[in-house]
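The values are calculated or read from the model by the stated rules, or taken from the named source; none is laboratory data. Everything quoted here is computed from the prediction, not taken from an experiment. Every residue, glycine among them, receives a Cβ derived from its backbone with ideal geometry; neighbour counts consider all protein chains shown. Surface accessibility is based on the protein's heavy atoms, side chains included, excluding ligands, DNA and RNA. Shrake-Rupley method; radii C 1.70, N 1.55, O 1.52, S 1.80 Å.
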Amino acid sequence: MVKKTLIAASTLSLCALTLSACGGGDSAAGSGGNGGSDGTITMGFAQVGAESGWRTANTDSIKQSAEDAGVELQFSDAQQKQENQISAIRTYIQQKVDVIAFSPVVETGWDAVLQEAKAAGIPVILTDRAVDVQDDSLYVTFLGSDFVEEGQKAGQWLVDNAAEADADGDGDVNVVELQGTTGAAPAIDRKEGFEEVIADDDTISISQSQTGDFTRDGGKQVMEAFLQNEPEGIDVVYAHNDDMGLGAIEAIEAAGLTPGEDIKIITVDAVKDGMQALADGKINFIVECNPLLGPQLMELAEKVVAGEEVESRVVTEETTFTQEQAAEALPDRQY
Ligand code: GYE
């Protein structure tokens, strides 16, 4: 236990060190709300980690937009651990930043730390992922995608292409699911939306479903196990993000099968590597999830710190991509 705490503490101080490098400019931390004396806003941002291409693009967008908006950013990477995010948020409270933003690694377990932020008078903006708390006044707004809708879009493509997806032609579409991080909003919601839509088609069913923690390695390892359990029968992989889908491709190829043909693959995100695999025919359909949340986040932060009203939910606009559409979109893709 003691050891664990020490590790967490040292991770955090490391983050804090990296942080100051991201800030730039004179520190406005400690101004106690409403921006620094020169009007500079200090934001503490507690990021999930660097688990995927999506996350890297999201981090870049937040750092770049903070710089563009003249917001002083304190940034920390929690390495996908809730305890690290909670410590980071507590540090931001101590520093009396003007606004805290974070992308919660899981949905539950935030009540206490968010109450501390509220008691300190620091507004909180949820970015990308939602929390499950009793009291909605613990955060001002939630900026991010509708993950249930993303799951529904993935399911709809499968329903529309069920006959083609039944590669072995046995009349049953056998799906395996690579879930995101257990307890994370996008994992819960993408599963729910997908299941809801495929329930309309009796030929489609999910035979195996496990978390790959949103990483390429996780996706590969879980897919290897899925293939061992069912060497012949898998028709479709539904991966909650591109990275796990790309890991699954490696496992499928290593098993001597052709991804995109012998086994159809549906993923979410539409980051460059995923779009390339889609254009190359190894993935069959991608539901877009936009990571470029930085500009909207800075706009919301400025309004919130100025005491202006903001919408309690800001949903990101997104599309979907087939193989042909991916080939067309790739040259102009920003992430
Ligand atoms: O889809 C995945 C990342 O929360 C929307 O997290 C985000 C998800 C994204 O690891 O690639």
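Scanning the range 203-226 for residues that are more than 10 Å from Glu177 (Cα to Cα) and either open to solvent by 20 Å² or more (accessible area, probe 1.4 Å) or not assigned by TED's automatic domain parsing to the domain that holds Gly171 (or both) turns up Thr203, Ser205, Asp213, Thr215, Arg216, Asp217, Lys220, Gln221, Glu224, Ala225. One residue alone among Gly281, Gly233 is open to solvent by 10 Å² or more (accessible area, probe 1.4 Å), in contact with a strand residue (DSSP E or B) (Cβ under 8 Å, 6 or more places away or on another chain) and more than 16 Å from the ligand (Cβ to nearest atom), and that residue is Gly233. Enumerate the pairs (first residue in the range 289-306 and more than 24 Å from Phe214 (Cβ to Cβ); second residue anywhere and within 16 Å of the ligand (Cβ to nearest atom) and open to solvent by 20 Å² or more (accessible area, probe 1.4 Å)) with beta-carbon separation below 8 Å, excluding pairs fewer than 6 apart on the same chain, so at least 6 apart or on different chains. Final answer for the pair search is Leu300/Val314. Quick check, is Met275 within 16 Å of the ligand (Cβ to nearest atom) and either open to solvent by less than 40 Å² (accessible area, probe 1.4 Å) or at pLDDT 95 or above (or both)? Against the criterion (within 16 Å of the ligand (Cβ to nearest atom) and either open to solvent by less than 40 Å² (accessible area, probe 1.4 Å) or at pLDDT 95 or above (or both)), Met275 qualifies. Of the strands (runs of 3 or more DSSP E) contained entirely in the range 82-193, those carrying at least 2 residues that are modelled with pLDDT of 95 or more and open to solvent by 10 Å² or more (accessible area, probe 1.4 Å) fall at 173-179. For the range 252-272, filtered to residues that are among the charged types (D, E, K, R) and more than 14 Å from the ligand (Cβ to nearest atom), the residue that is nearest to Glu318 (Cα to Cα) is Lys264. Out of the range 227-278, which residues are of a type in the set (Ser, Thr, Tyr) and more than 14 Å from Phe214 (Cα to Cα)? Of everything in the range 227-278, just one residue is of a type in the set (Ser, Thr, Tyr) and more than 14 Å from Phe214 (Cα to Cα), namely Thr258. Taking the stated definitions as given, is Ala251 surrounded by 16 or more Cβ atoms within 10 Å (Cβ to Cβ), modelled with pLDDT of 95 or more and outside the structural domain of Gly193 (by TED's automatic domain parsing)? No; evaluated as a whole, the condition is false for this residue.
Within the range 223-237, track down each residue that is part of a loop (DSSP other than H, G, I, E, B) and among the acidic types (Asp, Glu). Hits for the range 223-237 are Glu230, Glu232, Asp235. Is there a residue being away from the ligand (no atom under 16 Å from the Cβ) and outside any helix (DSSP H, G or I) anywhere in the range 238-251? Looking through the range 238-251, none of the residues is away from the ligand (no atom under 16 Å from the Cβ) and outside any helix (DSSP H, G or I).
Quick one: is Ser61 among the hydroxyl-bearing types (Ser, Thr, Tyr), touching a residue at least 40 places away in the same chain (Cβ under 8 Å) and more than 13 Å from the ligand (Cβ to nearest atom)? Here the answer is no, as Ser61 does not meet what is asked. Of the residues making up the range 35-58, those that are open to solvent by 40 Å² or more (accessible area, probe 1.4 Å) and within 16 Å of the ligand (Cβ to nearest atom) are Ala50, Thr56. For the range 286-326, which positions are open to solvent by 10 Å² or more (accessible area, probe 1.4 Å), within 16 Å of the ligand (Cβ to nearest atom) and farther than 22 Å from Gly180 by Cα? Selection gives Gln296, Arg313, Val314.
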